[in-house]
Amino acid sequence: MTWRKAYSAPIAFIAGAVFANRLIPTPPARVKGESYLLSPTASQRMTPDYFEFYELPETFRPDEAALKRRYYALSREYHPDFHATESPERQQEILQLATLNTNAYRTLSNPDQRMAYILGRHGLLEEGKQELPADFLMEVMELNEQLMELEFEPDPATAERVATEANALSDTLDAGIEPVLAGYEGLPHDARPQALEQVRTYYLKKRYLLRIQESLAKFAARS
C-alpha cells in the first residue's frame, strides 16, 4: 500500500500535519517500506512518515539524488494544473499532498532538520528527555565562564580562543557520531534504540555548542 492509494480514505488535519486514516497502521501491521523499532510511539503516530512517503528507508544519510528525484516527480504529479478538472474534494487532496511533499523534502534534505525529525518521531526530543550528560557540562564549564567574562571585559583574543575550543569540540563530536549515522540504516531493529540514544546525545551537545558559537558571533558583531 502506498501513500497515494491511502489517500482515497477521508483526510483530516492533526496537529498541522496531513493524515489519512490508513496511513499509519495499527501495530503490528506494517506498510510497505516502513519499519518500527517496536510498536509505533505516540510521536510516530502523530508525525507523518516522510521516508515512507518517498518510499525510502529511515536513514540519517539518504541518497540525495534519489530524494530530489522523488520530490520533483511528486511535484509534477501533484501540480494543481494537472488536476484542474477534478472534483473540489480531489483538488483539495492534491493540494494537501503537494504541501506534504514540500514539507517532506524541506525536512529530509536538511541534515539538522532530518536528524531532529528522526529523533522526534522516536520520542527522543520530548520534554524530560533533553538533559545533557554531566561530563559534557563539566567539559564546557570553562567555556561558559570565559563567555561570561567576555560580557564584562571584551577581549578579542579570549573570544578567539573560546571559538577555537568550541569548534574543536564540535569537530570531535562530528567525527565520533559519523559511523553511527552512516551505519544506522543497516542496523538490526533491536540495535537501533541504542544508536538513536547516541544520536540524541550528539544532537543536544551540538545545539549547546551552537549557542556558544552564536554568543561569540554576537560578541564579534559588537566589537
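Whole-Hz Karplus values for the range 196-206 come out as 5, 5, 5, 5, 4, 4, 4, 4, 5, 5, 5 Hz, taken residue by residue from phi with 6.51 cos²θ - 1.76 cosθ + 1.60 and θ = phi - 60°; glycine and proline positions read x. Using the Cβ of G128 as centre and a radius below 15 Å, the other residues enclosed give a net charge of -2, where K and R count +1 and D and E count -1. Scalar couplings 3J(HN,Hα) for the range 111-119, obtained by applying the Karplus form with A = 6.51, B = -1.76, C = 1.60 to θ = phi - 60°, are x, 5, 5, 4, 5, 4, 5, 5, 4 Hz; x denotes Gly and Pro. Its alpha carbons considered, the range 159-223 gives a radius of gyration followed by a Dmax of 15.3, 52 Å.
For the range 82-140, place one equal point scatterer on every Cα, skip the solvent, and apply the Debye formula. What is log10 of I(q)/I(0) at q = 0.21, 0.26, 0.28 Å⁻¹? Scattering profile of the range 82-140, log10 relative to I(0): -0.88, -0.99, -1.04. Put a dot 7 Å past the Cα of Q213, heading toward its Cβ, do the same for A157, and the two dots end up 2.6 nm apart. The percentage of C-alpha pairs in the range 79-182 whose separation is greater than 21 Å is 63%.
All of the numbers you see were taken from the coordinates with simple rules; none came from a lab. Keep in mind the model is a prediction, meaning the values are calculated, not measured. Every residue, glycine among them, receives a Cβ derived from its backbone with ideal geometry; neighbour counts consider all protein chains shown.
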